[in-house]
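In what follows, a single structure is set out as structure tokens and then discussed.
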Amino acid sequence: MLDRALIATPAWNDLGVQAWAAYSRHADLGTGNIVYPIEGILTWIVIFAMAASYLRSDRTVARKAARPVSLAAVGALGWIGTTIIAAPVMQSVRHLGSDPVALHHAFNVFTLWGVYVRDAFTGLTFLACIWTVIEVFRAPHAGNATSPVASASELVSASRWLRRVTSSG
């Protein structure tokens with residue numbers, strides 16, 4: 001996120017759109033065509049699963065986490081929306097040849113939507129997820145006033161049970 005916005009994009013701007021297009025054809029349109037969609041889909045699944053689990057959670061936790069979960073979902077939707085705009089632009093680079101005007105336009109549009117706006121949504125989503133975790137761990141857990149973090153005796157019991165289960169095979 002920060003790498004593309006603060007380091008890579010200014011460097012590509014200095015190197016020129018021909019260098020950016022050559023790199024993008026090898027990286028983003030090479031292995032990136034496989035890695036980026038998988039990363040995006042898995043991230044969206046985790047975020048929306050978090051939002052769904054929030055809807056089914058204990059009301060004490062739900063009240064505390066309402067804002068950050070909502071922000072994470074909005075951030076994820078924004079991320080999806082900007083990807084819908086940016087991905088076809090990147091895919092078009094494959095067929096633009098070396099036309100400097102077309103490549104410059106693709107670079108500008110992709111940089112705006114695929115780097116700056118999408119990274120803003122990514123940052124919002126990330127911070128909202130951290131906030132959610134903080135709120136969940138600060139909320140009373142399962143009807144008692146303690147933290148949801150397991151006590152030492154619960155951890156020892158779980159450890160003993162796990163040893164019994166794994167050694168009985």
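Hey, with R₀ at 25 Å, roughly what FRET efficiency would Phe137 and Ile80 work out to, going by the Cβ-Cβ distance, to 0.05?
Working from the Cβ atoms, E equals 0.35.
Taking only the alpha carbons of the range 1-133, what extent do you get along each of the three principal axes, in Å, biggest first?
If we take the Cα atoms of the range 1-133, the spans are 58, 24, 18 Å.
Just to confirm a number: summing +1 for Lys and Arg and -1 for Asp and Glu over residues other than Arg94 whose beta-carbon lies under 12 angstrom from that of Arg94, what do you get?
0
Would you kindly derive the ³J(HN,Hα) couplings of the range 129-135 from the backbone phi angles with the Karplus curve 6.51 cos²θ - 1.76 cosθ + 1.60 (θ = phi - 60°), listing them in order in whole Hz, with x for Gly and Pro?
5, 4, 4, 4, 4, 4, 5
Compute the signed sum of charges (Lys and Arg +1, Asp and Glu -1) over the other residues within less than 13 Å, Cβ to Cβ, of Asp119.
Local net charge: +1.
Ordering His95, His105 by accessible area with a probe of 1.4 Å, largest first, what comes out?
Of His95, His105, the descending order of accessible area is His95, His105.
Mind listing the phi-derived Karplus ³J(HN,Hα) values for the range 113-126, rounded to whole Hz, using 6.51, -1.76 and 1.60 with θ = phi - 60°, and x for any glycine or proline?
7, x, 10, 5, 5, 5, 5, 5, 5, 5, x, 4, 4, 4
The values are calculated or read from the model by the stated rules, or taken from the named source; none is laboratory data. Owing to the predicted nature of the structure, the values given are computational and were not obtained by experimental measurement. Heads up, the Cβs are rebuilt from the backbone with ideal geometry, glycines too, and the neighbour counts pull from every protein chain shown. These area figures cover heavy atoms from the full protein model, side chains too; ligands, DNA and RNA do not enter into them. Shrake-Rupley method; radii C 1.70, N 1.55, O 1.52, S 1.80 Å.
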